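A.B. asks: Attaching a single structure in structure tokens format; questions to follow.
The values are calculated or read from the model by the stated rules, or taken from the named source; none is laboratory data. Small disclaimer: the values here were computed from a predicted structure and weren't measured. Ideal geometry is used to build each Cβ from the backbone, glycine not excepted, and the neighbour counts take in all protein chains shown.
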Amino acid sequence: MSDKRMNSDEPGDPRVSAAYREMADERTPEHLDHVILNAARGAAKSRWRKAGAWLRPAAWVATIGLCVAIVVEISLLSDPEPAEFDSLPPSATKPSSPADDGAKRLEKTRAEPRAVQEIQKPDRSRAAEAASELRQQADSDEQAPASFLSDAPATMRFEEAISERYCDETATADPDSWLECILELERQGLHEAARLERERLALAFPPPELP
Amino acid sequence: MEHRPEDSALMLRYRDGDVAAFEILYRRHKDALFRYLLRLCRQRAAAEDVFQEVWGKIIKSRDNYRPTAKFTTFLYHVAHNCFIDHLRRNKRHGGAADIDPDSQPDGGDCPETLVEKSLARRKLDTALGSLPDEQRDVFLLYEEAGLSLDEIATITDCKRETAKSRLRYAIRKLRAALDEPPETT
């Protein structure tokens with residue numbers, strides 16, 4: 001018992017206390033223990049349910065927000081320049097082995113510059129020279145060490161690709177001849193090439209001079 | 001040395017959702033409270049009902065629980081009020097007691113000692129049962145709950161001197177019952 005027993009003011013009797021202790025040895029029935037402990041658990045759970053009522057919608061909102069953010073991020077990563085990227089030569093869109101690069105360049109020299117050569121009929125001989133140079137370069141690329149191109153970042157090859165010229169130096173010397181060259185490209189149906197040259201023209205000469 | 005968390009701390013932990021804290025608290029107080037109610041109600045079924053009601057109220061009141069007083073005082077205050085409600089509900093509270101004082105005899109004692117103990121139990125139980133409700137209540141709060149006179153006065157809503165007087169009368173009657181010579185047949 002507590003210190004109240006030490007207090008002489010309180011009328012306790014040790015003999016009565018001992019006799020009571022001797023007698024009072026009943027214990028709580030087990031079925032009551034189960035009932036009460038289950039009630040306590042149930043109450044704690046329902047409280048948690050009540051307290052966490054706002055958690056479920058918040059979790060849904062957070063999950064949806066996260067999904068949207070991931071989708072946007074992935075779409076931005078996979079498609080950095082959507083308009084221009086599709087129209088670029090295949091060599092610029094994906095990294096490839098040096099041998100593949102060489103073959104593709106050779107193929108390109110056979111296909112695309114053919115149209116350019118058509119446009120620049122007066123410079124046919126120079127175009128032929130350029131084509132042979134490209135072939136030689138492609139051949140030398142095939143023999144180049146494997147690490148040479150594979151080490152180059154994809155962005156570099158992409159820039160190389162867009163820096164390809166469709167109008168030669170004489171055509172781009174003045175805006176009129178450059179524009180003629182662009183119009184010729186458009187007539188030939190090479191709209192992407194024309195667009196690239198138009199952009200270069202806009203950069204080289206101020207926009208007010210554009211038609 | 002084993003750390004024994006305070007009752008109030010356990011109740012606060014239960015308020016925050018810790019069911020294990022409630023289990024500790026319950027196991028610490030359940031038997032004393034059950035005996036208190038059993039001797040107050042004098043009927044096992046009624047005591048069990050009130051016991052459930054008391055713990056139900058403790059569980060319900062956990063959100064509003066403030067450790068301003070001892071948890072034991074709070075618990076027995078609730079129990080006392082539940083008993084009063086039980087009395088009001090069952091105004092014909094004069095049914096025969098169904099507590100068997102010999103329900104758990106000590107197995108290791110010799111037959112003479114067992115007989116003596118059984119006799120003392122019966123005498124005390126009879127004397128306790130014959131006490132007025134107020135005196136019995138005060139005696140049980142003093143013996144079973146281990147509360148001080150001030151705490152008993154708070155629970156039973158009376159003055160300290162009144163509680164002291166009730167306790168003194170109760171103890172005097174019980175002592176007299178114990179001193180009574182055994183009946184000779």
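For every residue, the table says whether it meets (1) at pLDDT 90 or above; (2) among the hydrophobic types (A, V, I, L, M, F, W, C).
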position	(1), (2)
A:Ser8	no, no
A:Ala18	no, yes
A:Ala24	no, yes
A:Leu37	yes, yes
A:Trp54	no, yes
A:Cys67	yes, yes
A:Ser75	no, no
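A.B. asks: Could you tell me whether B:Glu116 is at pLDDT 90 or above and of a type in the set (D, E, K, R)?
C.D. replies: Spelling it out, it is not the case that B:Glu116 is at pLDDT 90 or above and of a type in the set (D, E, K, R).
A.B. asks: Identify the residue in region B:46-68 that is more than 11 Å from chain A (Cβ to nearest Cβ) and free of Cβ contacts under 8 Å to residues at least 24 places away in the same chain and, among all such residues, is farthest from B:Phe139 (Cα to Cα).
C.D. replies: Looking at the filtered set, the residue picked out is B:Asn64.
A.B. asks: With the requirement that a residue be under 18 Å from A:Pro206 (Cα atoms) and assigned to a loop (DSSP other than H, G, I, E, B), what does region A:172-196 give you?
C.D. replies: Answer for region A:172-196, where residues must be under 18 Å from A:Pro206 (Cα atoms) and assigned to a loop (DSSP other than H, G, I, E, B): A:Thr172, A:Ala173, A:Asp174.
A.B. asks: Please determine whether any residue of region A:192-199 is among the basic types (Lys, Arg) and modelled with pLDDT under 85.
C.D. replies: The answer is no; no qualifying residue exists.
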